[in-house]
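Below: the structure, in structure tokens.
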Amino acid sequence: MSRSLALFAIGLVFGGGAGFVTAAAYGVTFDGHDHGDAAQHGAHDTAQGGHDHAQATHLPAGPDAPGVSVALTRDPMSGWNLHVSPQNFRFAPENASASDVPGEGHAHVYVNDVKLARLYSEWMHIPDLPKGPVEVKVSLNANSHSPLMVDGIPVEAVVTVQVE
């Protein structure tokens with residue numbers, strides 16, 4: 001009986017790993033949508049609640065323009081803690097993938113230019129980072145997922161750390 005349980009556990013581990021590899025190969029991510037599905041990337045009207053990562057939301061510069069800064073610190077127990085400080089911007093997870101509302105949305109977190117996750121608040125724990133120099137970038141995005149741009153410049157912040 002214990003051998004059957006061990007084989008079952010091994011099958012779950014390898015099956016789950018194969019599932020993750022297959023999902024990644026087809027563009028499926030943990031952020032709630034399939035990057036390989038054109039219908040989720042501009043093939044329908046973004047004003048109706050779809051989203052288009054390629055279409056930016058352009059905003060004028062000025063005192064009310066959104067901005068963002070980030071800090072990344074090693075967690076005393078494990079991993080890293082990312083602190084995102086938006087200016088003139090409100091995290092609105094309740095409106096993700098809905099119509100745009102000025103001054104609200106969510107963030108996208110990238111590690112070495114690979115999207116890690118959506119972010120709906122100011123803090124995020126990153127369990128592990130690759131060894132060597134690592135760039136963590138946070139971009140502010142509208143509810144429709146389009147990146148925010150102020151005077152043609154993406155609203156994003158980058159921090160680089162050396163991971164031993």
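Does the stretch 48-60 contain any residue that is assigned to a loop (DSSP other than H, G, I, E, B), modelled with pLDDT of 95 or more and crowded, with 16+ Cβ neighbours inside 10 Å? Give the derivation first.
Step one: list which residues in the stretch 48-60 are assigned to a loop (DSSP other than H, G, I, E, B), which gives 49-56, 60.
Filter once more, keeping what is modelled with pLDDT of 95 or more: none.
There is no residue in the stretch 48-60 that is assigned to a loop (DSSP other than H, G, I, E, B), modelled with pLDDT of 95 or more and crowded, with 16+ Cβ neighbours inside 10 Å.
With SER97, SER121 as the choices, which residue is among the small types (Gly, Ala, Ser), in a loop (DSSP other than H, G, I, E, B) and in contact with a strand residue (DSSP E or B) (Cβ under 8 Å, 6 or more places away or on another chain)?
SER121 is the lone residue from the list that is among the small types (Gly, Ala, Ser), in a loop (DSSP other than H, G, I, E, B) and in contact with a strand residue (DSSP E or B) (Cβ under 8 Å, 6 or more places away or on another chain).
Just name the residue that is farthest from HIS125 (Cα to Cα) out of those in the stretch 51-93 that are out of contact with any Ser or Thr (no Cβ under 6 Å at 6 or more places or on another chain) and among the β-branched types (Val, Ile, Thr).
Applying the filter and picking the extreme gives VAL68.
Which one of ASN95, ASN81 is more than 23 Å from GLN162 (Cβ to Cβ) and modelled with pLDDT of 95 or more?
None of the other options fit; the residue is ASN95.
Considering the stretch 127-148 alone, what residues qualify as being surrounded by fewer than 17 Cβ atoms within 10 Å (Cβ to Cβ) and either assigned to a strand (DSSP E or B) or in contact with an Asp or Glu (Cβ under 8 Å, 6 or more places away or on another chain) (or both)?
LYS131, GLY132, PRO133, GLU135
Just the residues that are buried (at least 17 other Cβ atoms within 10 Å of the Cβ) and either among the aliphatic types (A, V, I, L, M) or more than 17 Å from the chain's Cα centre (by Cα) (or both), please, taken from the stretch 84-97.
Within the stretch 84-97, VAL84, ASN88, ALA96 meet the criteria.
For residues that are exposed (fewer than 11 other Cβ atoms within 10 Å of the Cβ) and among the acidic types (Asp, Glu), scanning just the stretch 149-164, find the one that is nearest to SER97 (Cα to Cα).
Out of the qualifying residues, it is ASP151.
Need the failing condition index for ASN88 against (1) out of contact with any His (no Cβ under 7 Å at 6 or more places or on another chain); (2) at pLDDT below 95; (3) within 19 Å of LEU148 (Cα to Cα), just the number.
Condition not satisfied by ASN88: (2).
The values are calculated or read from the model by the stated rules, or taken from the named source; none is laboratory data. Keep in mind it's a predicted model, so treat the numbers as computed, not measured. Note that we place each Cβ from the backbone using ideal geometry, even for glycine, and neighbour counts take in every protein chain shown.
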